[in-house]
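Input: a single structure, listed below in structure tokens.
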Amino acid sequence: MPRILTGAVAVYAVWALIIGLVIGSTPVAASHWGGSVTNFVDNDVETQGCHDSPYYFNPIYGWARSCNGGHDVASSPFSPNVYIRGYFWSSATVTATAFYDVYYNSNCTSWAGREYRNAFEITVPTGTAGIAFHHLGNYHYGVGAVLGNGTHIGEQANWGAPVYFCSGQLASTGAHIHAEAARDGVPDDSQLVDAWLFDNGHPFVQFRHP
């Protein structure tokens, strides 16, 4: 089973028919599978494409990913809830959590609160899919919890102003989540693949094994 590194230097399952946000697929053998993680938030829109560096899912533990960092996804109109949900898998396991203090200024003198991060692993017939969410205001389940598809896992952080990490780096300019995804198709990473896709502007991650 792949492991997750939660440090500063860290880190998406095919026959798919896309109708709305639904990816349809019927696995006919262990070597063919298709599914997705989608609708992380309600009324979802992408606000920034692939950017930044890996936080979870470090390649030294066998992970691979089509986006080196993650995608920013927001609600429009705003709805705070964040979910772990998608198609053609039944449950996800919380495998890591973290938090960072954030500040209203870049010199760490006006504390705004904490941003939380969660990582999840989903076992699929051809390997393991990973998805993680940053910029949470809170989260509801700890490491080891097994959550059903569709579970409400927390809320987006909403500080009402731009906030910074104590390093001076800008953390967030408004409520959204930074989502990163990966996959481990042990023993064949080249066949379990992930891709960020869009349906009428709504982002989702497709995982597939052809």
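Please state which one of S106, S110, S91 is of a type in the set (S, T, Y), under 30 Å from H32 (Cα atoms) and surrounded by fewer than 22 Cβ atoms within 10 Å (Cβ to Cβ).
Checking each option against the conditions leaves just S91.
Would you please list the contacts, defined by Cβ atoms under 6 Å and residues six or more apart or on different chains, that run from a residue in region 181-192 that is closer than 22 Å to F133 by Cβ to a residue that is modelled with pLDDT of 90 or more and outside any strand (DSSP E or B)?
A182/F57; A182/W63; A182/R65; R183/L192; D184/W63; L192/T126
Specify which of the listed residues (Y164, Y139) is modelled with pLDDT of 95 or more, hydroxyl-bearing (S, T, Y) and farther than 27 Å from A64 by Cα. Walk me through how you get there before you give the answer.
Working: Y139 fails: farther than 27 Å from A64 by Cα.
Answer to the check: Y164.
Is it true that some residue in region 51-58 is more than 14 Å from the chain's Cα centre (by Cα), within 18 Å of L197 (Cβ to Cβ) and at pLDDT 85 or above?
Taking every residue of region 51-58 in turn, none turns out to be more than 14 Å from the chain's Cα centre (by Cα), within 18 Å of L197 (Cβ to Cβ) and at pLDDT 85 or above.
Restricting attention to region 67-81, which residues are polar (S, T, N, Q), in a loop (DSSP other than H, G, I, E, B) and over 13 Å from the mean Cα position of the chain (by Cα)?
S76, S79
Any residue in region 196-210 that's on the phi > 0 side of the Ramachandran plot: show its pairings with residues that are among the aliphatic types (A, V, I, L, M) and surrounded by fewer than 17 Cβ atoms within 10 Å (Cβ to Cβ) at Cβ separation under 6 Å, as long as the two are six or more apart or on different chains.
These pairs meet every condition: G201/V45.
Within region 125-168, can you find the residues that are in a strand (DSSP E or B), of a type in the set (S, T, Y) and under 16 Å from T95 (Cβ atoms)?
T128, Y139, T151
Among the residues of region 156-210, write down those that are surrounded by fewer than 19 Cβ atoms within 10 Å (Cβ to Cβ), closer than 22 Å to F40 by Cβ and among the charged types (D, E, K, R).
Result: D199, single match.
The values are calculated or read from the model by the stated rules, or taken from the named source; none is laboratory data. Because the structure is a prediction, the values reported are computed rather than measured. Ideal geometry is used to build each Cβ from the backbone, glycine not excepted, and the neighbour counts take in all protein chains shown.
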